[in-house]
Every structure is written in structure tokens, then in C-alpha cells.
Amino acid sequence: MQGRMMFQPLLISSLIEHAARYHGDTAIISKNTDGTITKTDWTHVAENSKRFANALHALGLKQNDRVATIAWNNHRHLESWYAISGSGMICHTINPRLFPEQLIFIINDAKDRVILFDKTFLPLITGVKAHIPLVEHFICLGAFDQDVADALPDVKFYDTLLAEQSTEFEWPLLDETTASSLCYTSGTTGNPKGALYSHRSTILHTYAICLPDSLNLSAHDIMLPVVPMFHVNAWGTPYAAAMVGCTMVLPGPSLDGASLVQLIDEFKVTIALGVPTIWQGLLTAAKQSGTQLNSLKRTIVGGSACPPAMMKAFKDIYDCETIHAWGMTETSPLGTGNQLKAKHDQLSDAEKFKLRLSQGRPPFGVDLRITNQEKGTHQLARDGHTTGNLQIKGHWIINEYFGKNESALTTDGWFDTGDIAALNEDGFLFLSDRAKDLIKSGGEWISSVELENIAMGHPEISMAAVIAANHPKWDERPVVVAIKTTESQITEQDLLDYYIDKIAKWQIPDTVIFVEAIPLSGTGKMLKKDLREKFGDVLLGS
Ligand code: AMP
């Protein structure tokens with residue numbers, strides 16, 4: 001016998017309808033590409049998304065067609081997302097910081113028919129245009145602009161297209177498993193691969209990230225997603241904001257610390273989300289300006305490990321909780337978020353801090369396990385210290401890569417993340433490293449993340465990456481590549497001494513290389529592969 005309750009497919013269009021109907025006057029603040037600020041609200045975002053859905057239909061686009069975006073976090077980009085997915089097309093967000101060859105590859109692989117772009121990325125578009133023959137329409141996210149029109153014949157302008165269309169649009173009643181959006185992995189090895197999300201996976205993920213033990217989002221919040229909409233859909237925040245009806249402050253192209261401080265203070269942001277390198281810039285700028293970031297209650301840190309010093313600075317100086325979260329493109333992205341449980345109230349502050357540094361525990365809807373590194377599916381103990389392959393399954397976890405036609409899962413149906421980690425009995429995740437970043441010294445593993453966290457705890461180090469350098473006797477040994485804070489006099493020996501008593505003696509890095517800058521990926525992660533190429537042989541002598 002079946003239940004006698006309504007069945008409604010879980011669709012992205014219902015999010016924008018809900019936001020418009022019940023939170024219509026809630027503000028959406030958007031920094032434009034030219035630096036001006038636009039203030040709009042959910043009513044107008046919804047109206048414009050319907051106008052743009054009409055425009056896409058008028059251009060001849062059909063269900064399942066791929067519409068790509070190369071854009072900052074701004075209100076036009078937000079409107080276009082709802083228009084594209086809501087009307088059954090697939091929103092393909094592209095990371096503009098990819099190399100041109102990778103850009104060409106993913107645009108052709110996705111068979112994008114349309115590219116929406118912010119003016120910033122005009123040179124990028126004109127540079128690759130000759131190599132992406134399947135793209136029929138280029139739409140600049142803004143009003144008519146003569147420079148853009150001169151550089152790109154036949155370009156269309158978003159504002160002009162909207163002006164020609166009505167706000168009357170009936171969202172199609174799609175099957176909830178219809179594809180809604182497409183993000184490519186960063187492809188540090190080989191070509192990038194596409195993760196193709198569905199309406200159903202997106203809605204279930206959205207419920208999960210709003211929960212109190214995840215981001216704890218509500219209609220009280222003013223959310224600043226610094227994480228770009230091209231990095232796993234800004235971690236799902238544009239959907240979550242519509243679900244709970246909170247304000248969004250979209251930072252546009254200004255992701256430097258000073259601009260973020262200004263946005264937080266001016267618009268009274270309560271929750272901000274981004275990768276550690278972004279927060280490093282914010283903390284430096286906040287210190288310089290003397291602000292207390294009074295409105296900010298929570299920062300969500302993910303994408304790479306949150307350094308303990310960062311979590312401490314947010315708490316001690318700004319009374320702001322840091323929620324450490326873990327995920328990946330293939331997991332929509334939320335896999336875990338760190339909120340303690342009632343039983344942890346009795347822990348000492350030091351014990352609580354230690355637990356908060358872990359990547360947290362899974363919400364309902366995903367499951368985690370750790371397996372033996374050699375025997376892929378043999379499950380290991382959840383004892384908080386046994387490490388192995390981190391594997392995941394759940395409603396918003398990849399099944400197969402876009403266009404690959406083969407399972408991406410283990411023989412027993414789990415996705416192997418490529419991360420090495422331990423789980424404790426409550427499911428708290430302690431990530432030691434990416435499998436490829438671990439350092440194998442004389443047959444023993446050393447976590448590069450642990451060594452980085454210690455270096456970043458030194459007050460005179462602003463950023464540190466630890467890489468495996470080739471070694472004639474031990475195969476590999478750790479080497480720290482670090483950036484000093486301005487005016488610091490720290491020496492190599494000072495930093496090496498700083499490791500004493502914080503880690504086993506044999507794990508202390510062999511040497512320190514001070515640099516002016518560490519290369520970052522398009523999503524703000526340290527490009528350790530590039531550092532290994534540059535410094536991988538420093539211990540081999542000449
Ligand atoms: P991406 O798909 O580009 O977002 O990268 C996903 C990878 O980022 C994961 O497999 C992890 O290696 C890393 N990552 C994400 N969040 C964290 C975190 N909180 N701590 C450490 N590594 C993380």
C-alpha cells in the first residue's frame with residue numbers, strides 16, 4: 001500500500017517561487033563588475049529569472065541544453081541560475097581562472113550552446129572563441145556596452161534581453177531527477193571531469209546545509225558567500241538562501257580583505273563562507289582597519305583545512321564561531337560540518353577546540369566510512385585515529401561523471417574521495433591529507449596539513465604549504481614553503497625550532513623556503529603540485 005500524501009517533484013523553480021512569495025522584500029545586495037552596488041530583493045530576482053527564462057526560450061534553447069556562466073557572484077548571475085535550471089536547462093558554471101586549454105576543453109565537453117559572462121572576462125572569451133564552435137550565443141551580464149560590442153560581434157546584452165520579455169513564465173513540471181547544473185572538478189591531474197547535479201539532489205542538499213548542525217541558516221541571516229558561484233555552486237548557498245529567505249550580500253569581483261571587511265560592516269553580515277586563503281586576507285585587513293566585525297556570528301571554512309590559528313583569531317578577537325566543513329565537487333559539496341553535540345559541553349575548552357578543528361560530522365543524507373588503503377572496500381575502525389581512504393555515499397553524491405557512461409563508485413557502491421582520514425565513533429572526520437599530498441618518509445606517512453597548521457600558527461607566518469621533496473635516503477621528506485608577515489625577521493631555524501614539542505622529531509621538516517607568493521588554484525587552494533615541481537629536488541643537492 002502506498003502512502004496517501006501529495007507527490008511533488010523536488011524542483012529548483014520551487015525555491016525561487018517560495019523566496020518570492022514569502023520573502024519577497026528580503027534584500028539581495030550585489031556588487032557589480034564596475035564596483036557599484038545594486039540593491040534588489042527576492043521578488044525582483046524571481047521576476048528577472050522569469051524574464052530571462054523567456055529570453056532563453058526565444059533564443060531557441062530547449063530542455064537539457066547547457067548554458068554556461070563565467071561570472072562573479074552578483075544578482076544577474078543569481079537570476080540567470082534560476083532561469084536556466086528552473087526551465088529545465090543545465091547551468092554550467094565555469095571557473096574563469098582555468099587555463100585557456102582547460103576552458104576550451106570543458107566548454108566543448110559540455111557542448112555549451114550559450115555563454116553568459118561578466119565584462120571582466122571579455123578578453124578570456126575573445127581568446128578562446130575560435131576554439132568553441134558549438135557556442136551559438138554570447139550574452140554579457142549587463143547593459144549595452146560599446147567596448148564589448150566592438151570586441152565580440154553578435155554579442156547580446158542581458159539587460160536588453162530582459163527588457164524585451166515579460167515576467168509571465170510557467171516553470172515546467174520536470175521529473176525531479178532531471179539534470180540541473182554542471183560543475184567540473186579542478187583537474188589537477190588529467191582533464192577536468194563534470195559532476196552533473198539533479199533537481200532532487202540539489203533540493204535535498206539544500207535542506208541539509210540549512211540545518212542547525214550544518215550552517216544553521218534562517219531568515220534572520222545576512223549571508224556573504226565569498227566562495228564563488230563557480231566553485232561547486234558557491235557550496236549551494238544561493239539555493240539555501242532562497243529556501244530560508246535570508247539576505248544575500250554578493251561580493252562581485254572584490255574578494256580582497258579590505259573590500260570584504262567593508263561589505264561585512266556596511267551590510268551587517270551575520271554569516272560568511274569561503275576558503276582559508278580568503279579569510280587570511282580578511283583577518284589581515286580587519287586588523288589593519290581596527291574593526292570588530294560586530295555583526296559577524298559565523299564563518300564557514302572549507303575547501304582546505306582550517307588552520308587552528310585562524311579559528312582562534314575569529315573566536316578570540318571577533319567573537320565569531322568558525323564552522324569547519326568538508327566537501328568536494330563530487331559531493332555537491334557538503335559532506336560534513338562541524339557542530340559539537342550536547343555531550344561535548346562537559347569537555348574542557350582545549351578538548352572542544354581540538355574537536356572543532358576536525359572537519360565535523362555528516363548530516364542526515366550522507367554516510368561516511370574509512371577503508372583500508374590497500375584493500376579498497378575493507379572497512380576500518382571508527383576510533384578517531386585509524387586512517388584510511390575516505391569513502392562517501394548519499395543523496396547528493398556523484399554516481400558517474402558527465403558523459404563518461406561508467407560508474408565512478410567502488411564495487412559496493414561508495415565514492416572514494418581520494419582523501420585520507422579517520423572517523424571517530426560520532427562520525428567526526430579528521431582529514432589528514434589528500435592521498436597525493438601525503439609525505440612518505442622512510443615508509444612512514446606524514447600529513448602535510450598537520451605541518452602546515454603548525455607553521456601557520458607562528459605569528460610571523462602568513463601562509464605555508466608543506467610538500468614532499470625527494471630525498472636520497474628517506475625517499476621523501478617534508479619541506480615548508482612559507483610567506484612571512486610584513487616586516488618579519490623570522491629565520492629558517494626559528495620556524496624549524498617552532499616545531500619542536502609540537503610533533504614527533506622525525507616529522508619536523510628538513511628545510512624552509514621563504515617565498516613572496518604561493519600559487520593558488522582558481523578556487524583559492526594552494527597549488528602544491530606546482531610547488532613540488534619547483535622545489536621537489538631541493539634536498540637532492542647539486
Ligand atoms: P574541490 O572538489 O575542488 O572542492 O576539492 C575537494 C577537496 O578539497 C577534498 O577532497 C579535500 O581534499 C579538500 N577539502 C575540502 N574541504 C576540506 C577541509 N575542510 N579540510 C581539508 N581539506 C578539504
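The values are calculated or read from the model by the stated rules, or taken from the named source; none is laboratory data. Just so we're clear, the structure is a prediction, and the values are computed from it rather than from any experiment. Neighbour counts are summed over all protein chains in view; Cβ atoms, including those assigned to glycine, are modelled from backbone coordinates with ideal geometry. What goes into the accessible areas is simple: the full protein's heavy atoms, side chains included, and nothing from ligands, DNA or RNA. Shrake-Rupley method; radii C 1.70, N 1.55, O 1.52, S 1.80 Å.
Candidates in the range 420-432 are the residues that are farther than 12 Å from His385 by Cβ and surrounded by fewer than 21 Cβ atoms within 10 Å (Cβ to Cβ); of these, the one that is farthest from the ligand (Cβ to nearest atom) is Asp426.
Among residues of the range 9-35 that are under 20 Å from Pro228 (Cα atoms), those with a beta-carbon under 7 Å from a residue that is in a loop (DSSP other than H, G, I, E, B) and open to solvent by 20 Å² or more (accessible area, probe 1.4 Å) at least six positions away or on a different chain give the pairs Lys31/Ser254; Thr33/Trp72; Thr33/Pro253.
Once the range 362-377 is narrowed to residues that are in a strand (DSSP E or B) and touching a Leu at 6+ places or on another chain (Cβ under 7 Å), the residue that is surrounded by the most Cβ atoms within 10 Å (Cβ to Cβ) is Ile370. Apart from one condition, Tyr401 fits all of (1) under 23 Å from the mean Cα position of the chain (by Cα); (2) not small (Gly, Ala, Ser); (3) not in a loop (DSSP other than H, G, I, E, B); the exception is (3). Against the test of being away from the ligand (no atom under 15 Å from the Cβ) and open to solvent by 20 Å² or more (accessible area, probe 1.4 Å), the options Leu380, Leu357 yield a single qualifying residue, Leu380. When restricted to residues that are at pLDDT 95 or above and either crowded, with 18+ Cβ neighbours inside 10 Å or farther than 23 Å from Val244 by Cβ (or both), the range 18-36 contains 10. Of all residue pairs spaced 6 or more apart or on separate chains, those with beta-carbon atoms under 6 Å, a first member in the range 37-62 that is assigned by TED's automatic domain parsing to the domain that holds Thr160 and a second member that is of a type in the set (Ser, Thr, Tyr) and assigned to a helix (DSSP H, G or I) are Ser49/Tyr82; Phe52/Ser80. Number of residues in the range 72-113 that are open to solvent by 40 Å² or more (accessible area, probe 1.4 Å), at pLDDT 95 or above and either touching a Gly at 6+ places or on another chain (Cβ under 6 Å) or within 25 Å of Leu15 (Cα to Cα) (or both) equals 1. Being part of a helix (DSSP H, G or I), free of Cβ contacts under 8 Å to residues at least 60 places away in the same chain and more than 16 Å from the ligand (Cβ to nearest atom) is a description that applies to Ala350. Within the range 263-274, if we keep just the residues that are in a helix (DSSP H, G or I) and buried (at least 19 other Cβ atoms within 10 Å of the Cβ), the residue that is nearest to the ligand (Cβ to nearest atom) turns out to be Ile264. If I filter the range 453-470 for residues that are β-branched (Val, Ile, Thr), away from the ligand (no atom under 15 Å from the Cβ), within 25 Å of Gln359 (Cα to Cα) and surrounded by fewer than 18 Cβ atoms within 10 Å (Cβ to Cβ), do I get at least one hit? For the range 453-470, residues β-branched (Val, Ile, Thr), away from the ligand (no atom under 15 Å from the Cβ), within 25 Å of Gln359 (Cα to Cα) and surrounded by fewer than 18 Cβ atoms within 10 Å (Cβ to Cβ): absent.
For the range 303-324: of the residues being over 20 Å from Pro459 (Cβ atoms), open to solvent by less than 40 Å² (accessible area, probe 1.4 Å) and modelled with pLDDT of 95 or more, which is nearest to the ligand (Cβ to nearest atom)? Write out each step before concluding.
The initial filter retains those residues of the range 303-324 that are over 20 Å from Pro459 (Cβ atoms), namely 303-304, 319, 321, 323-324.
Right, trim to open to solvent by less than 40 Å² (accessible area, probe 1.4 Å) and you get 303, 323-324.
In the following step, the residues that additionally are modelled with pLDDT of 95 or more were identified as 323-324.
Details: Ile323: 10, His324: 6 Å.
So, considering only residues that are over 20 Å from Pro459 (Cβ atoms), open to solvent by less than 40 Å² (accessible area, probe 1.4 Å) and modelled with pLDDT of 95 or more, the one nearest to the ligand (Cβ to nearest atom) is His324.
Evaluate the range 327-338: report whether one residue or more is modelled with pLDDT of 95 or more and surrounded by fewer than 14 Cβ atoms within 10 Å (Cβ to Cβ). Let's see the steps before the verdict.
Start the filter on the range 327-338 by keeping residues that are modelled with pLDDT of 95 or more, which leaves 327-338.
When the remaining residues are screened for being surrounded by fewer than 14 Cβ atoms within 10 Å (Cβ to Cβ), the result is none.
Taking every residue of the range 327-338 in turn, none turns out to be modelled with pLDDT of 95 or more and surrounded by fewer than 14 Cβ atoms within 10 Å (Cβ to Cβ).
Is it true that Thr277 is away from the ligand (no atom under 16 Å from the Cβ), in contact (Cβ under 8 Å) with a residue 60 or more places away in the chain, part of a helix (DSSP H, G or I) and not basic (Lys, Arg)? No; evaluated as a whole, the condition is false for this residue. Given the condition open to solvent by less than 10 Å² (accessible area, probe 1.4 Å) and over 14 Å from the mean Cα position of the chain (by Cα), answer yes or no: does some residue in the range 230-238 qualify? The answer is no; no qualifying residue exists.
Regarding Ser201, is this residue assigned by TED's automatic domain parsing to the domain that holds Ile16, assigned to a strand (DSSP E or B), surrounded by 22 or more Cβ atoms within 10 Å (Cβ to Cβ) and more than 16 Å from the chain's Cα centre (by Cα)? Steps first, answer last, please.
Values: assigned by TED's automatic domain parsing to the domain that holds Ile16: yes; assigned to a strand (DSSP E or B): no; surrounded by 22 or more Cβ atoms within 10 Å (Cβ to Cβ): yes; more than 16 Å from the chain's Cα centre (by Cα): yes.
No, not satisfied.
Checking each residue in the range 369-392 for being closer than 23 Å to Lys341 by Cβ and under 20 Å from the mean Cα position of the chain (by Cα) picks out Leu390, Ile392.
For first residues located in the range 292-307 and within 17 Å of Val261 (Cβ to Cβ) and of a type in the set (Lys, Arg), partners that are assigned to a loop (DSSP other than H, G, I, E, B) and more than 7 Å from the ligand (Cβ to nearest atom) and lie 6+ apart or on another chain with Cβ distances below 8 Å form the pairs Lys297/Thr270; Lys297/Cys320; Arg298/Leu215; Arg298/Asn216; Arg298/Thr270; Arg298/Cys320.
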